[in-house]
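A short worksheet on the structure shown next.
The values are calculated or read from the model by the stated rules, or taken from the named source; none is laboratory data. Treat the numbers as computed from the prediction; the structure is a model and nothing was measured. Please note: Cβ atoms are built from the backbone with ideal geometry, for glycine as well, and neighbour counts cover all protein chains shown.
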Amino acid sequence: MSIQSSKTSKSPSRYSVGMFSAGEARCDRWQELAHAAQTLVAQVSSGSSTKETLTAVETLLAPLSVIETFRAYPGEVMISALKDALGRRDYSSFSRITNRIAKAIITGSYRRSASAWKLGEEGESEGNDRLMKDYFNTGDLTKPYFEVLIVSDDPTPEQVRQGRAELRQLRRPEDPFVYEAVTVPSFEEGVIGVVMNADVQAVVIRDNFRFKSQFDAPLLRTYLEQHLSLEPGSLEPKDYGVALARAIGKVRPELDIYLIVDGAAEKVASHLDSKNIRRIFYGLEDLMEIHLALLEGVNQRYDTPYFNNLKNYARRPIGTFHALPVARGKSIFNSHWIRDFGHFYGANIFLAESSATTGGLDSLLEPTGNIRVAQEKAARAFGCGELFFGTNGTSTSNKIAVQALVRPGDIVLVDRNCHKSHHYGLVLCGGQPLYVEAYPLTEYSMYGAVPLRTIKKALLDLKAEGKLDRVRMLLLTNCTFDGHVYDVQRFMEEVLAIKPDIVFLWDEAWYAYSRFSQFHRMRSAMGACEALRERYASAAYRAAYAEFKKKHGKIDPKNPKLLDTHLLPDPDAVKLRVYATTSTHKSLSCFRQGSYIMVNDDCWESTQGPFKEAFFTHTSTSPNLQLIASLDVARRQAELEGYELVGRAIELSLILRREVNKHPLISKYFTIATNAQMVPKEYRDSGFEDFHADGVSWKTIYDAWASDEFVLDPTRVTLLCGSAGFDGTSFKGMLASKFDIQLNKTSRNSVLLQTNINNTRSDIAYLIKVLADISRELDRTLSKDPDEKAAFDARVKSLITDVPDLPNFSRFHDAFRDNPRSKTNEGDMRTPFFLAYDEDNSTHVKLNSKEIDDLVKRGQAVSANFVIPYPPGFPILVPGQVITAETIEFMRKLDVKEIHGYQAALGLKLIKSEKLRGAKKKARK
Ligand SMILES: Cc1ncc(COP(=O)(O)O)c(C=O)c1O
């Protein structure tokens, strides 16, 4: 039996739910089995043939029997009873048990109700009832439930059952959680178990188990060989335990792993690779210790120090004599006029408010208590050295990071398409941006990501000009709003080869969940940093570097071949300095504006002072307490169920992609952009095109994610609506007003839908229904009226083909460049920005005027401010930028209403030509 029975790399795509979320697929299969079982019963009672239904039942039951070996529920007893009933042709018992299991799995009731574990009828239930007797009877049913995966070669089912029972007997009323154990007998099944079973929170690995699984798992096998260098022959059985802990750590780093060895526990403890292992036990000498360790491990993730404390604070009777009348809610609940405000939000939000930083509430600006612990926990959970809570959105976190790391005059390589907070951050700190261009996706009026070649070229040019020591930072957005994800590891590696101490600031505003998907993690700032740290510490890398150096010598910036060579940095010179800012609120369960600043910096010692100053500069002295609490809670959820929820969000996006692109009616008008449409061929070494292309499996996708320069995050669903005659803005408006569907980003001919941990199958079903209804209506109208059809075709053509070219960054005016003859294009934005504060220095010129055309021709049209149209949302002009004909043309074609920094009635704001000469000197006075 194959784990991926329906998907081998050669088979055509028959995408069924489950590539990224085994839980969804499991629910679907049980549901289908329950329906088939009911049909059987009906067929028997009506005397019709059961042949076909029986075949369907067997086809469904076979993979389920495999899947369920990795789950504690329903367990072996129930599955055997089910099979027995089928074997006896007792279809009504079969149907009843199937139904019970399906319901328990779909509703999750097995986590909290003893009845889910009961078979129900006399005779059938004995085994399991006995098994469950002391399970729920002794415990509090509201206790969170989890499963423990035991990897051990326990040979007989009886021994497995006994092991489980022994663990159950250790349960005490004061235990904070309740857990069940599931045992698998091999290395491979250990890996499959943590992939398939999201309920697993801890893994206990016992000595002496075999490598190969009893099931055929060809994709897993090649994954282990290719990506983790693990194959049976390459390892000694005595090293299986440590190697398995490492492999599991790659899939789900949040899990607690325990090793039980029969030999020298101390030796294993000092094993170089034992860092993934939480504790090592010598034999089963103290089962109670293991039980307590399991609970404590989960409790450490469950614990939310700030939130807990805030709840305690809300319970206490406290008299407040400080500012903030809403604290404790008396000004609200005693009011004659605003009581409804209190009732709407409930009492707790007011009881949990305070402007005090005493009484255990700690201070965000100078944390020494529970905020500090909460931040340390989050740092561990998100795989970084330090983590800071931001309460003013990633807009502010970006300014903090930029100010902390960039000094006036430093050069920063920055994607022009990045969020405006970075551009403003650079104005504030006086860093000089050197804009690097993302590849354009002109047909959709959006940008992709910045190619590695562009970045290397900019750095090599700077090196050739002797300016490398001024280069401070590379600042990129990962993933972009539209879902372009960098090969972060490769980018950092090659950049470090040219500039070994550069600081990386990855804006991961849209990517807070990345840690909890193995796919996304390898392409995240912190995941890549961790991988590079490991790589540069290895002997294999040193050997590779020595070879590289022998072949290429020192980095010669004039050598054009370097652009096409995978550059390797000197492991002794490299300083890994990686920062990421994430909008926790955008993709995890956190209140709006909650943001994490993640740090993994070899030079943190000397940077923490400036960082603190920057934090003080931008952080409110009145941060919202609920926001801090939600940053704490978001971490708890991410660590305990992030894997499941993120997997489901990915799965939902794949379902949506399939349903739209393969739907005969919907796909006439709407399509979802594929990986190939969003990532041009030259950036896809693997050739990977679409999640639903023929032959695609999770392994194909993984390989593409491991190798391609850019990939598309499937959860960013660009729905192309131009073929339905809608521009992005009006389609967004229609979805909101007519169908209560909200989204935020649009382009000329597309809207961006995102799936996240909040979405359900019903949301997807509703969206698909809406698209089907709109398509049906379009079909109906267009087939009736030829004039309407002609107008529609013209509109579609204009939306799809008549798209303005996206203008590249032109250049900074010479007045704002240190050396106008320099080949590199960095410039000073701060001077023109503040120059424009004095109205005498600027003037407005209408966009549709001859005056602007003449100024442009003479090179004297220089922007006095940022101009940022929404969409696309990047600054098409920055202060000090020379305006070109391309920019004017783009702006004239722009059909969006919201353009920050531009008022049509006034025109473009320019620096007066006569002020450009000597502008610098004047601005500095
Ligand atoms: C790439 C990027 N960075 C930062 C931000 C700002 O994040 P926040 O809304 O948390 O301030 C955004 C907002 O959309 C963004 O798209």
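Tabulated values for the structure
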{"quantity": "Selected residue (criterion: modelled with the lowest pLDDT) from residues of the range 162-198 that are in contact with a Leu (Cβ under 8 Å, 6 or more places away or on another chain), assigned to a helix (DSSP H, G or I) and small (Gly, Ala, Ser)", "calculated": "Ala165"}
{"quantity": "Total residues in the range 547-595, condition of a type outside the set (A, V, I, L, M) and either within 30 Å of Asn758 (Cα to Cα) or within 16 Å of the ligand (Cβ to nearest atom) (or both)", "calculated": "15"}
{"quantity": "Residue in the range 353-369 that is within 16 Å of the ligand (Cβ to nearest atom) and in a loop (DSSP other than H, G, I, E, B) present", "calculated": "no"}
{"quantity": "Complete set of residues in the range 321-339 that are modelled with pLDDT under 90, in contact with a helix residue (DSSP H, G or I) (Cβ under 9 Å, 6 or more places away or on another chain) and assigned to a loop (DSSP other than H, G, I, E, B)", "calculated": "Pro325, Val326, Ala327, Arg328, Gly329"}
{"quantity": "Pair list, Cβ under 7 Å, 6 or more apart: the range 164-176 residue touching a residue at least 12 places away in the same chain (Cβ under 8 Å), other residue among the β-branched types (Val, Ile, Thr) and in a loop (DSSP other than H, G, I, E, B)", "calculated": "Arg171/Thr138; Pro173/Thr138"}
{"quantity": "Failed condition for Tyr536, given (1) within 14 Å of the ligand (Cβ to nearest atom); (2) over 18 Å from Met598 (Cβ atoms); (3) aromatic (Phe, Trp, Tyr)", "calculated": "(1)"}
{"quantity": "Search result, residues across the range 596-618 that are more than 12 Å from the ligand (Cβ to nearest atom) and hydrophobic (A, V, I, L, M, F, W, C)", "calculated": "Met598, Val599, Cys603, Trp604, Phe611, Ala614, Phe615, Phe616"}
{"quantity": "Counted residues, the range 379-399 - those being part of a helix (DSSP H, G or I) and away from the ligand (no atom under 16 Å from the Cβ)", "calculated": "3"}
{"quantity": "Residue count for the range 225-242, restricted to those that are outside any loop (DSSP other than H, G, I, E, B) and crowded, with 21+ Cβ neighbours inside 10 Å", "calculated": "3"}
{"quantity": "Helices (runs of 4 or more DSSP H) contained in the range 644-711 and holding at least 2 residues in contact with a helix residue (DSSP H, G or I) (Cβ under 6 Å, 6 or more places away or on another chain) and farther than 30 Å from His566 by Cβ", "calculated": "666-669"}
{"quantity": "Of the criteria (1) in a loop (DSSP other than H, G, I, E, B); (2) closer than 28 Å to Tyr73 by Cβ, which one Gln201 fails", "calculated": "(1)"}
{"quantity": "Set Ala629, Ala638: member being buried (at least 20 other Cβ atoms within 10 Å of the Cβ) and within 19 Å of Val195 (Cα to Cα)", "calculated": "Ala638"}
{"quantity": "When residues of the range 400-417 are limited to those that are surrounded by fewer than 24 Cβ atoms within 10 Å (Cβ to Cβ) and assigned to a loop (DSSP other than H, G, I, E, B), the one nearest to the ligand (Cβ to nearest atom)", "calculated": "Arg416"}
{"quantity": "In the range 464-479, residue modelled with the highest pLDDT [restricted to those that are part of a loop (DSSP other than H, G, I, E, B) and touching a Phe, Trp or Tyr at 6+ places or on another chain (Cβ under 8 Å)]", "calculated": "Asn478"}
{"quantity": "Residue among Val717, Val803 that alone is modelled with pLDDT under 95, closer than 21 Å to Ala676 by Cβ and not in a helix (DSSP H, G or I)", "calculated": "Val803"}
{"quantity": "Test: residue in the range 487-501 that is surrounded by fewer than 22 Cβ atoms within 10 Å (Cβ to Cβ) and at positive phi", "calculated": "no"}
{"quantity": "Output for the range 434-453, where each listed residue is assigned to a helix (DSSP H, G or I) and either touching a Pro at 6+ places or on another chain (Cβ under 6 Å) or at pLDDT below 95 (or both)", "calculated": "Thr442, Glu443, Tyr444"}
{"quantity": "Residue tally, condition closer than 22 Å to Glu180 by Cβ and either in contact with a helix residue (DSSP H, G or I) (Cβ under 6 Å, 6 or more places away or on another chain) or in a helix (DSSP H, G or I) (or both), over the range 64-89", "calculated": "18"}
{"quantity": "Some residue of the range 221-237 being in contact (Cβ under 8 Å) with a residue 40 or more places away in the chain and among the small types (Gly, Ala, Ser)", "calculated": "no"}
{"quantity": "Residue check for Ile150: modelled with pLDDT of 80 or more and assigned to a helix (DSSP H, G or I)", "calculated": "no"}
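Listed here are the residues, each with its yes/no results for (1) of a type in the set (A, V, I, L, M, F, W, C); (2) at pLDDT below 90; (3) under 40 Å from the mean Cα position of the chain (by Cα).
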{"position": "Glu76", "(1), (2), (3)": "no, yes, yes"}
{"position": "Gly87", "(1), (2), (3)": "no, no, no"}
{"position": "Gly123", "(1), (2), (3)": "no, yes, no"}
{"position": "Glu126", "(1), (2), (3)": "no, yes, no"}
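Conditions (1) part of a loop (DSSP other than H, G, I, E, B); (2) more than 12 Å from the ligand (Cβ to nearest atom); (3) free of Cβ contacts under 8 Å to residues at least 12 places away in the same chain; (4) closer than 27 Å to Thr801 by Cα, marked per residue:
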residue	(1), (2), (3), (4)
His422	no, no, no, no
Leu428	no, yes, no, no
Ile455	no, yes, no, no
Leu462	no, yes, no, no
Val485	no, yes, no, yes
Gln489	no, yes, no, no
Tyr511	yes, no, no, no
